[in-house]
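Contents: one structure, followed by commentary.
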Protein chains: 2
Amino acid sequence: MTRAEENYLKTIFHLGGSSSHLVSTNAIAEQMETKPSSVTDMAKKLAEKGLVEYTKYQGVSLSKTGLKTALSIVRKHRLWEVFLVETLDFSWDEVHEVAEQLEHIKSEKLIDRIDSLLGYPKFDPHGDPIPSKDGVFFEREQQLLSEMKPGSTGVCVGVKDTSSNFLKFLDKNKIALGDTIEIVEIEDFDQSLTITINGQNMSISHQIANNLYVKKQE
Amino acid sequence: MTRAEENYLKTIFHLGGSSSHLVSTNAIAEQMETKPSSVTDMAKKLAEKGLVEYTKYQGVSLSKTGLKTALSIVRKHRLWEVFLVETLDFSWDEVHEVAEQLEHIKSEKLIDRIDSLLGYPKFDPHGDPIPSKDGVFFEREQQLLSEMKPGSTGVCVGVKDTSSNFLKFLDKNKIALGDTIEIVEIEDFDQSLTITINGQNMSISHQIANNLYVKKQE
DNA sequence: AATCGTATTTGGACATGCCTAAAAATACAT
DNA sequence: ATGTATTTTTAGGCATGTCCAAATACGATT
């Protein structure tokens, strides 16, 4: 299993290509910043190896073993992210790049020991769930802050955009996972929100709210 | 800097190719388990990039920047080995393979934090010195146990052979770095040694003694 | 059902890093 | 000094993974 193959499987997984949902050549190319023709080549190769199902002009989806492989890479990526933040004091906006490299290290013992060192975390620093050794993970009940109604309350559980810029913005405004947010009001003309967080009122744009996952409080 | 380039530089360093000492194509090929013709190709490429000096039919040696790069890879390899043993409870005979992969991770911050986490160790689990960030390291005063005279005493400081087999042998016989060894006698016909270690007498073959570094005690 | 525009695939090409087989240079004999 | 053995290089090829440009298929519209 080469690094390129692993990256393709991971991307297909992130684009929802599990359980026979088809992902288009174009979508993969865009996500990976490569060309559709390269994707076609790799699709053939992965299909050959039984890691994806591929139908010409239709798209690809992960096979059972393909999904298993993808999950193990995602697991490694997210565990390394936790390690970088928890053990080495990286901030959550600088872990992605390094984890992209570390996720390809081949040693089951290594990742299991890291898992144990960290106390078997269930979520990574961005709130994404970490698959267990045997590929099980819980999709947490969540929705975008932008989908909530005024008057409702939620706990911040994850981010959709994991770009450094967005994460730094959250840091600067003291918005962190675990914080409780109440929606006070939504402006009609630009969809911006007034929220209460940590006892303070503040205004955030629709774009921000559209990239923050919250868990609705009853 | 590709992974292959890094591996070549590391190998040249280990074969003593610093400070204008020439290393032969064949030696590199053998060490890397590849063919001499491949080495020639890479030698040209590295010379092109200014990382080695290369004269046809003579051999290669590291340039200043080549040495710097090699040292940074060796530093990373050895720090990761310490991390695996100290933090993740790997045994010293199973760290090499994984460290071979980890040494290629590109993140200065990562390795510096690992260094700090470990308390800036000076030696790796096999007793090899760890270069500092700016490439400085101390070659410890040492000699092979097989070169010592009967009646002399030394402290075990390193291993020459780092193969899993040899290291497991040492474990099994309770020989560890830091132990004091006294040479009682050397057999004439097979060069085997009788030594006192941890208050016990034992016999070891010449081959074993030829792979153990000790520091002579005055 | 024909057409237009987009998505996808094909064919040909390139860089990297490796290989084999043959040629060239060097080293070592006598 | 000359021939032989060894080392090293060259030449040509192969696999991986990428790209571009051209050809092809799809699907939405009419």
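Read-outs: derived from the displayed coordinates by stated rules, not from any lab. A quick note: this is a predicted structure, and the numbers were derived from the prediction, not measured. Note: ideal-geometry Cβ built from the backbone for every residue, glycine included; neighbour counts use all protein chains shown.
Taking A:Thr55, is it within 13 Å of DNA strand D (Cβ to nearest atom) and on the phi < 0 side of the Ramachandran plot?
yes
Checking the conditions here, which among B:Lys76, B:Lys44, B:Lys49, B:Lys106 is within 14 Å of chain A (Cβ to nearest Cβ), over 22 Å from B:Asn165 (Cα atoms) and within 16 Å of DNA strand C (Cβ to nearest atom)?
B:Lys106 is the lone residue from the list that is within 14 Å of chain A (Cβ to nearest Cβ), over 22 Å from B:Asn165 (Cα atoms) and within 16 Å of DNA strand C (Cβ to nearest atom).
Considering region A:93-103 alone, what residues qualify as being at the interface with chain B (Cβ under 8 Å from one of its Cβ atoms) and touching a helix residue (DSSP H, G or I) at 6+ places or on another chain (Cβ under 8 Å)?
A:Glu94, A:Val98, A:Leu102
Has region A:5-24 got any residue that is within 11 Å of DNA strand D (Cβ to nearest atom), touching a Gly at 6+ places or on another chain (Cβ under 7 Å) and farther than 22 Å from A:Arg75 by Cβ?
For region A:5-24, residues within 11 Å of DNA strand D (Cβ to nearest atom), touching a Gly at 6+ places or on another chain (Cβ under 7 Å) and farther than 22 Å from A:Arg75 by Cβ: present.
Restricting to region A:143-165, count the residues that are surrounded by fewer than 18 Cβ atoms within 10 Å (Cβ to Cβ) and either under 15 Å from the mean Cα position of the chain (by Cα) or part of a strand (DSSP E or B) (or both).
8
Per-residue answers, yes or no, for (1) small (Gly, Ala, Ser); (2) crowded, with 16+ Cβ neighbours inside 10 Å:
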site	(1), (2)
B:Leu177	no, yes
B:Val184	no, no
B:Gln191	no, no
B:Ile195	no, yes
B:Asn201	no, no
B:Ala209	yes, yes
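Only one of (1) at positive phi; (2) within 10 Å of chain A (Cβ to nearest Cβ) is not met by B:Ser116, so which one is it?
With respect to (1) at positive phi; (2) within 10 Å of chain A (Cβ to nearest Cβ), B:Ser116 is out only on (1).
Scan region B:40-58 for residues that are buried (at least 16 other Cβ atoms within 10 Å of the Cβ) and without any contact (Cβ under 8 Å) to a residue 12 or more places away in the chain and report the count.
Selection size over region B:40-58: 1.
From the list A:Ser91, A:Ser37, A:Ser61, which one is of a type in the set (S, T, N, Q) and crowded, with 20+ Cβ neighbours inside 10 Å?
Exactly one residue qualifies, and that residue is A:Ser61.
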